[in-house]
Amino acid sequence: QFWAEEFSVGVGEEAVVTVIHWHICLHLVVYVCYLWLKCDLVMIFKIVHKFVDINFDEFFCLNTSGITRGHDYKLSKPLCSNNARQFSFACRRIDVWNSLPVNVVSVNTVALFKLRINNVNFKNALFI
């Protein structure tokens with residue numbers, strides 16, 4: 001309704017305005033999901049590197065399976081038997097975190113981590 005009110009169009013053009021409205025809304029949703037993803041990854045970085053006073057073991061477990069691909073900060077994904085657990089902070093971003101390049105997760109400062117994740121392609125992580 002918001003964008004449809006701004007355009008003074010004829011009846012035949014209503015469908016075009018509706019498509020524009022949903023297209024803008026979709027881009028907004030994708031952008032908000034992208035920001036949420038980045039905030040989650042920054043918090044994981046802070047917890048893993050002990051920049052915050054949060055016990056790592058309460059949320060995560062380092063992957064000790066001996067797999068050599070990727071970085072040394074890979075996390076094990078716990079079994080999630082319900083949606084509340086599956087979509088909780090401690091579970092929803094582990095796959096994305098584990099897929100980050102070594103040069104992103106092994107930095108020494110939060111500011112540098114934020115700069116480096118800006119160059120990561122999160123297209124597959126957003127599921128849109």
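The values are calculated or read from the model by the stated rules, or taken from the named source; none is laboratory data. From a predicted model like this one, the values you see are computed outputs, not experimental measurements. We place every Cβ from the backbone using ideal geometry, glycine too, and count neighbours over all the protein chains shown. Protein only, heavy atoms only, side chains kept; ligands, DNA and RNA dropped before computing areas. Shrake-Rupley method; radii C 1.70, N 1.55, O 1.52, S 1.80 Å.
Points to keep in mind about this one:
- The set of residues in the range 45-63 that are closer than 14 Å to ALA111 by Cα, among the hydrophobic types (A, V, I, L, M, F, W, C) and not in a loop (DSSP other than H, G, I, E, B) contains only PHE45.
- Among the residues of the range 75-119, those identified as more than 20 Å from VAL52 (Cβ to Cβ), open to solvent by less than 80 Å² (accessible area, probe 1.4 Å) and touching a helix residue (DSSP H, G or I) at 6+ places or on another chain (Cβ under 7 Å) are PRO78, CYS80.
- Test: residue in the range 65-79 that is in a helix (DSSP H, G or I), at pLDDT 75 or above and under 22 Å from CYS33 (Cα atoms): no
- Residues being assigned to a loop (DSSP other than H, G, I, E, B) and of a type outside the set (Ser, Thr, Tyr) - total across the range 80-115: 8
- The one condition from (1) modelled with pLDDT under 85; (2) surrounded by 11 or more Cβ atoms within 10 Å (Cβ to Cβ); (3) over 17 Å from the mean Cα position of the chain (by Cα) that ILE54 does not meet is (1).
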